[in-house]
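Asks: Got a structure for you, written out below as structure tokens; questions coming shortly.
The values are calculated or read from the model by the stated rules, or taken from the named source; none is laboratory data. Keep in mind it's a predicted model, so treat the numbers as computed, not measured. Please note: Cβ atoms are built from the backbone with ideal geometry, for glycine as well, and neighbour counts cover all protein chains shown.
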Amino acid sequence: MRDETGSSAEAPPDPGQGADAKALGLVAVSVVGSGVFTYAYLALVARGLPTADYGWFGSYWSLALVIGFGAFLPVELELARLVSARPPGARFPAGTARTLLTLTVACLVLVALLGGVLTSSLGGQVGFLWALLAVCVVSAGQFLLRGWMLGTGRLRLHGIVLLVDSGLRVLLALVLGWSVDDASGSDYAWTLVLAISLAHLPLLLWTTRGRTAARHEDAPVEPARPFVTAVGHLLVGSLCAQALLNAAPVLITVLAAPGEEALAAQFIASYTLVRLPLFVAVPLQSALVPVLVNLGTSGDGSRLRTFLLRGLAVIGVLAVLAAAVGLWLGPPIVELVFGARYALPGGEIALLAVGSVLHLGLLVAGQALVAAGRHRQVAVVWALGLVTAAVLFAVVDDLVLRASLAFTVGSGVALAIAAVTLLVRPRDPAGTAPHAA
């Protein structure tokens, strides 16, 4: 690094840097294991259902991700950022309970109001709709617990919970397949709800009891508005992010013409496969926030800039590799995991694979903005990516190509905007203040 005169100076060793890397590595290993369980779960469901029924389950899966990671991930992100800067045993930030209650009620109302439209994309199975309503409720506890674990540095426990959650999904799917010969897609939908509940809610009850006991009557009153405002900006970004990532399977099943139901299911299976890095990265992104906060506040910020430049170079290389793998190995891998009836041509899988890598880079860039307290920019970046995707989806006619281009180009445009924002615009020194919005 350089001193104030601009001359080179050797940076003193940072003992926290190695600890951050080790802790993040533990989470990464757990998330990779969770990703493997997730694919085993989806493969079990695909092989246990008729092709069209799995297409409807894929639509439910995407809607559940939109609800969880779209509506409630902002709470996890802001808790991870704020709690990491607080002393051990501190209370949850003011406004946490109010925000979670508001989000839960809003999700329940929205799913209920859109019930007719959603049911049409779910094969007319009302059981899917009831499962989505349950997801609205259990997601509040799931992301509250995850944010607390990340903010307090309990990364090993966080990883264990992820593994238990995903492992339970596999176990419950196996039990359902063995015990019910004609289980429907909506039956499998409840395995997701039960796994989330069993993995998170008992631990959350213990956590809440402990933190309630740590409260003191003479503690200073903390305003709730900063937390609510920050989550509001992040909510815009996360909803756009989840729409960009998960809207395609829902739209495909709705717009598929008679006779195209099998093609829609093929797209969902292939799209699910190429998103494997994202199943790993989406749960990991919140764990990046405390690490990126440390990078951004150390020295003159050059460490964060170097991290971002290297990350962009890695994304470029991975995009080229993903295109090659998707083109030549994509169809046989899809056949191996989901069955021969689900494989798309190699060129279409390659396009989706490139989009998955670009989206991966976008997730990291988005968390760098969060770590710098630039919540408004997070909303702008994801919104512009979604607008790009929507335009492409509207102007392209082909059922599969329109969804593939929308995801890939939308992610690429948003990544470019985020990179320019981080590397060109000077960082606000106050950006990492606890209540920056």
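Asks: Quick check on this structure: which one of Gly35, Gly68, Gly55 is farther than 27 Å from Asp182 by Cβ and at pLDDT below 90?
Replies: Gly35
Asks: For the range 331-351, check the following and say yes or no: at least one residue is of a type in the set (Val, Ile, Thr), assigned to a helix (DSSP H, G or I), surrounded by fewer than 19 Cβ atoms within 10 Å (Cβ to Cβ) and at pLDDT 95 or above.
Replies: No, the conditions are met nowhere in the range 331-351.
Asks: Does Ser270 satisfy the criteria of being under 20 Å from Ala353 (Cβ atoms), among the small types (Gly, Ala, Ser) and at pLDDT 90 or above?
Replies: When the stated conditions are applied, Ser270 passes them.
Asks: Let me ask another. Which residue pairs have Cβ atoms under 7 Å apart, sit 6 or more places apart or on different chains, and have a first residue in the range 152-174 that is surrounded by 20 or more Cβ atoms within 10 Å (Cβ to Cβ) and a second that is modelled with pLDDT under 95 and of a type in the set (S, T, N, Q)?
Replies: Gly159/Ser30; Leu162/Ser30; Leu162/Ser34; Ser166/Ser34; Ser166/Thr38
Asks: Taking the conditions exactly as written (touching an Asp or Glu at 6+ places or on another chain (Cβ under 7 Å) and surrounded by 17 or more Cβ atoms within 10 Å (Cβ to Cβ)), does Gly123 satisfy them or not?
Replies: Criteria met by Gly123.
Asks: Residues in the range 259-279: is at least one free of Cβ contacts under 8 Å to residues at least 40 places away in the same chain and either surrounded by 24 or more Cβ atoms within 10 Å (Cβ to Cβ) or small (Gly, Ala, Ser) (or both)?
Replies: yes
Asks: With respect to Thr102, determine if the residue is out of contact with any Cys (no Cβ under 6 Å at 6 or more places or on another chain), at pLDDT 95 or above and of a type outside the set (A, V, I, L, M).
Replies: Values: out of contact with any Cys (no Cβ under 6 Å at 6 or more places or on another chain): yes; at pLDDT 95 or above: yes; of a type outside the set (A, V, I, L, M): yes.
For Thr102, the condition - out of contact with any Cys (no Cβ under 6 Å at 6 or more places or on another chain), at pLDDT 95 or above and of a type outside the set (A, V, I, L, M) - is met.
Asks: From the list Gly361, Gly355, which residue is buried (at least 17 other Cβ atoms within 10 Å of the Cβ), without any contact (Cβ under 8 Å) to a residue 60 or more places away in the chain and either of a type in the set (Ser, Thr, Tyr) or part of a helix (DSSP H, G or I) (or both)?
Replies: Details: Gly355 fails: without any contact (Cβ under 8 Å) to a residue 60 or more places away in the chain.
Being buried (at least 17 other Cβ atoms within 10 Å of the Cβ), without any contact (Cβ under 8 Å) to a residue 60 or more places away in the chain and either of a type in the set (Ser, Thr, Tyr) or part of a helix (DSSP H, G or I) (or both) holds for just one of Gly361, Gly355, which is Gly361.
Asks: If I filter the range 275-287 for residues that are part of a loop (DSSP other than H, G, I, E, B), modelled with pLDDT under 85 and out of contact with any Lys or Arg (no Cβ under 9 Å at 6 or more places or on another chain), do I get at least one hit?
Replies: no
Asks: Which residues, counting only those in the range 314-329, are crowded, with 17+ Cβ neighbours inside 10 Å and within 23 Å of the chain's Cα centre (by Cα)?
Replies: Residues satisfying the conditions are Ile315, Leu318, Ala319, Ala322, Ala323, Gly326.
Asks: Okay, moving on. Test each condition in (1) of a type in the set (D, E, K, R); (2) in a helix (DSSP H, G or I); (3) surrounded by fewer than 16 Cβ atoms within 10 Å (Cβ to Cβ) for Asp187 and report the one that comes out false.
Replies: For Asp187, the failing item is (3).
Asks: If you don't mind, there's one more thing I want to ask. Surrounded by 13 or more Cβ atoms within 10 Å (Cβ to Cβ), over 30 Å from Pro258 (Cα atoms) and among the aliphatic types (A, V, I, L, M), is that true of Ala85? Quick ask: steps written out before the conclusion?
Replies: Details: surrounded by 13 or more Cβ atoms within 10 Å (Cβ to Cβ): yes; over 30 Å from Pro258 (Cα atoms): yes; among the aliphatic types (A, V, I, L, M): yes.
Taking the combined requirement at face value, the residue satisfies it.
Asks: Scan the range 389-427 residue by residue and report those that are surrounded by 20 or more Cβ atoms within 10 Å (Cβ to Cβ) and closer than 15 Å to Leu239 by Cα.
Replies: Ala389, Phe407, Gly410, Ser411, Ala414
Asks: Among the numbered criteria (1) touching a residue at least 60 places away in the same chain (Cβ under 8 Å); (2) touching a Gly at 6+ places or on another chain (Cβ under 7 Å); (3) not aromatic (Phe, Trp, Tyr), which single criterion is violated by Leu327?
Replies: Only one criterion in (1) touching a residue at least 60 places away in the same chain (Cβ under 8 Å); (2) touching a Gly at 6+ places or on another chain (Cβ under 7 Å); (3) not aromatic (Phe, Trp, Tyr) is unmet by Leu327, namely (1).
Asks: From the set of residues in the range 375-387 that are buried (at least 24 other Cβ atoms within 10 Å of the Cβ) and not aliphatic (A, V, I, L, M), which is nearest to Thr229 (Cα to Cα)?
Replies: Here the answer is His375.
Asks: Output yes when any residue across the range 143-163 is of a type outside the set (A, V, I, L, M, F, W, C) and more than 22 Å from the chain's Cα centre (by Cα), and no when none is.
Replies: no
Asks: Go through the range 102-119 residue by residue and tally those that are touching a helix residue (DSSP H, G or I) at 6+ places or on another chain (Cβ under 8 Å) and surrounded by fewer than 14 Cβ atoms within 10 Å (Cβ to Cβ). Lay out the reasoning, then the answer.
Replies: Of all residues in the range 102-119, those touching a helix residue (DSSP H, G or I) at 6+ places or on another chain (Cβ under 8 Å) come to 103-104, 106-108, 111-112, 115, 118-119.
Then keep just the ones that are surrounded by fewer than 14 Cβ atoms within 10 Å (Cβ to Cβ); that gives 106, 112.
Residues meeting the conditions: 2.
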